[in-house]
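Q: Below are the structure tokens for one structure; questions will follow.
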Amino acid sequence: MRTGMLTGLALGLGLAVAAPAHAQLKMAVAGPITGPNAAFGAQLKNGVEQAVEDINAAGGIMGQKIVLSIGDDASDPKQGVSLANKFASDGVKLVVGHFNSGVSIPASEVYQESGMVQITPASTNPKFTDRGMWNTFRTCGRDDQQGAVAGTYLSTHFKGKKVAVVHDKTPYGKGLADETQKTMNAKGLKEVVYEGVNTGEKDYSALVSKLKQANIDVIYFGGLHTEAGLIIRQMRDQGLKAPMMSGDGITDKEFVQIAGPGAEGTYMTFGPDARKNPEAKDAVAKFMAKKIDPEAYTLYSYASVQILKQAAEQAKSTDGKKIAEVMKSGKVFKTVIGDISYDKKGDITRPDYVMYVWKKGADGKIDYSGNEVGM
């Protein structure tokens, strides 16, 4: 899934057939194409590319073919802002991205100043849409919604047990862990360990020793699959069998490659599996024909482009503010992840989280697909 050949901040890809400049609409997708979160960057890129290909094949947006730029922010806020400025100077109108909340939030200010609509498939930190900006939208849910589901599950199924809350100190990871902690505390379950770790670390033996000493029964981790996988592997190596619970930041098969067999039994909050949505059938077939599994945020990214297309056509304009007005009007958009409508903040109006458990299937592979568990 990695695409390490993309080394520039933004690579213009001619996904549309040659056409006069006035008949082109510039769109961009931005995410971590390189670095430890490149698996998620690939999901965003794959989803947007397929949507653009399908829309262009059907005539584009109001007769304009989409020309797509791909930007690599490497999960770095400064690089994300630089990339946003590059898109602005290139005349990009619409942006799908970023992946990390810590990148989406500062980049959104550049997009707002430049009159660009930003729709993220993956950034869940509430601050992204809570600032009263006209241009910020997402196709995913929020950490306060996701944390409420996780905290409720912990307080119900691990009542009286010893819980550790660990996060990666990022706006996403700490935000999600704190929302989960808040909900479970309100429901009477208090953590025995609360700890922050640094992203990019390889040795978590000190953390694992602390968890073992506290005799924890379950660890809640707010963060991404790289750190989550390493923590699980090192927990198992040190004989700690407690399960981990985490959020949408681990929804990639690479999680299991990092964690190893100990990934089995991991709990995870994420939206309903979009691959099973009847509206996604044709798109899923196209991905599979290219040997791409449209897991996790792939279809959320595809849906982002669908929404932008429908909003522009209803607005009869590619002006960012006019598109945003349509998106916040309560209109229902038909997408591969189901019907989507927005509130005045730019958040989706439907609840979007369920609990999964990673299990070994008949093929011997550990996956979350089809393994929803009751609350």
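Q: Considering 283, 362, which residue is closer than 15 Å to residue 49 by Cα and not acidic (Asp, Glu)? Give the steps one after another, and end with the answer.
A: Working: 362 fails: closer than 15 Å to residue 49 by Cα.
Going through 283, 362 in turn, just one is closer than 15 Å to residue 49 by Cα and not acidic (Asp, Glu): 283.
Q: Next question, about the same structure. For residues that are of a type in the set (Ser, Thr, Tyr) and over 28 Å from the mean Cα position of the chain (by Cα), scanning just the range 198-240, find the one that is farthest from residue 251 (Cα to Cα). Quick ask: steps written out before the conclusion?
A: To start, the set of residues in the range 198-240 that are of a type in the set (Ser, Thr, Tyr) comprises 199, 204-205, 209, 220, 226.
Checking the rest, the ones that are also over 28 Å from the mean Cα position of the chain (by Cα) come to 205, 209.
Working: 205: 24, 209: 27 Å.
Ranking the qualifying residues of the range 198-240, first place goes to 209.
Q: Which members of the range 350-375 meet the condition of being modelled with pLDDT of 95 or more and either touching a helix residue (DSSP H, G or I) at 6+ places or on another chain (Cβ under 7 Å) or more than 22 Å from residue 254 (Cβ to Cβ) (or both)?
A: 355, 358, 366
Q: Just give me the residues in the range 234-263 being in contact with a Pro (Cβ under 9 Å, 6 or more places away or on another chain) and either among the acidic types (Asp, Glu) or within 20 Å of residue 196 (Cβ to Cβ) (or both), in sequence order.
A: Kept after step one, since they are in contact with a Pro (Cβ under 9 Å, 6 or more places away or on another chain), are these residues of the range 234-263: 236.
If the condition is that a residue be in contact with a Pro (Cβ under 9 Å, 6 or more places away or on another chain) and either among the acidic types (Asp, Glu) or within 20 Å of residue 196 (Cβ to Cβ) (or both), then no residue fits.
Q: Being surrounded by fewer than 23 Cβ atoms within 10 Å (Cβ to Cβ), in the same structural domain as residue 298 (by TED's automatic domain parsing) and touching a helix residue (DSSP H, G or I) at 6+ places or on another chain (Cβ under 8 Å) is the requirement here; does residue 106 meet it?
A: Here the answer is yes, as residue 106 does meet what is asked.
Q: Considering only the range 338-373, state which residues are hydrophobic (A, V, I, L, M, F, W, C) and touching a Phe, Trp or Tyr at 6+ places or on another chain (Cβ under 6 Å).
A: 340, 355, 357, 358, 366
Q: Among 151, 173, 132, which is outside the structural domain of residue 37 (by TED's automatic domain parsing) and within 26 Å of residue 302 (Cα to Cα)?
A: 173
Q: I've got another one for you. Would you mind finding the one in 193, 163, 208 that is under 22 Å from residue 263 (Cβ atoms) and in contact with a Phe, Trp or Tyr (Cβ under 7 Å, 6 or more places away or on another chain)?
A: 163
Q: On the basis of being modelled with pLDDT of 95 or more and farther than 19 Å from residue 348 by Cβ, does residue 321 make the cut?
A: Yes; evaluated as a whole, the condition is true for this residue.
Q: Still on this structure: Tell me, which residue of the range 130-170 that is farther than 10 Å from residue 184 by Cβ and aromatic (Phe, Trp, Tyr) is surrounded by the fewest Cβ atoms within 10 Å (Cβ to Cβ)?
A: 134
Q: Further question: Out of all the residues in the range 318-329, is one or more of a type in the set (S, T, N, Q) and either at positive phi or in the same structural domain as residue 58 (by TED's automatic domain parsing) (or both)?
A: Yes - at least one qualifying residue is present in the range 318-329.
Q: How many residues does the range 57-93 hold that are over 26 Å from the mean Cα position of the chain (by Cα), closer than 20 Å to residue 321 by Cβ and touching a residue at least 24 places away in the same chain (Cβ under 8 Å)?
A: Qualifying residue count, the range 57-93: 2.
Q: For residues that are outside any loop (DSSP other than H, G, I, E, B) and touching a residue at least 40 places away in the same chain (Cβ under 8 Å), tally how many sit in the range 161-205. Steps first, please.
A: As a first pass, look at the range 161-205 and keep what is outside any loop (DSSP other than H, G, I, E, B): 163-167, 171-186, 193-196, 205.
Narrowing further to those that are touching a residue at least 40 places away in the same chain (Cβ under 8 Å): 163-167, 171-178, 180.
Summing the residues that are outside any loop (DSSP other than H, G, I, E, B) and touching a residue at least 40 places away in the same chain (Cβ under 8 Å) in the range 161-205 gives 14.
Q: Looking only at the range 63-89, how many residues end up being more than 24 Å from residue 46 (Cβ to Cβ) and in contact with a Phe, Trp or Tyr (Cβ under 7 Å, 6 or more places away or on another chain)?
A: Of the residues in that region, 0 qualify.
Q: Looking only at the range 1-48, filter to residues that are over 23 Å from residue 107 (Cα atoms) and modelled with pLDDT of 50 or more; which one of those is surrounded by the most Cβ atoms within 10 Å (Cβ to Cβ)?
A: Across the range 1-48, the extreme among qualifying residues is 24.
The values are calculated or read from the model by the stated rules, or taken from the named source; none is laboratory data. Every value quoted in this text rests on a predicted model; they were computed, and no experiment measured them. Every residue, glycine as well, gets a Cβ built from its backbone with ideal geometry; the counts of neighbours run over all protein chains shown.
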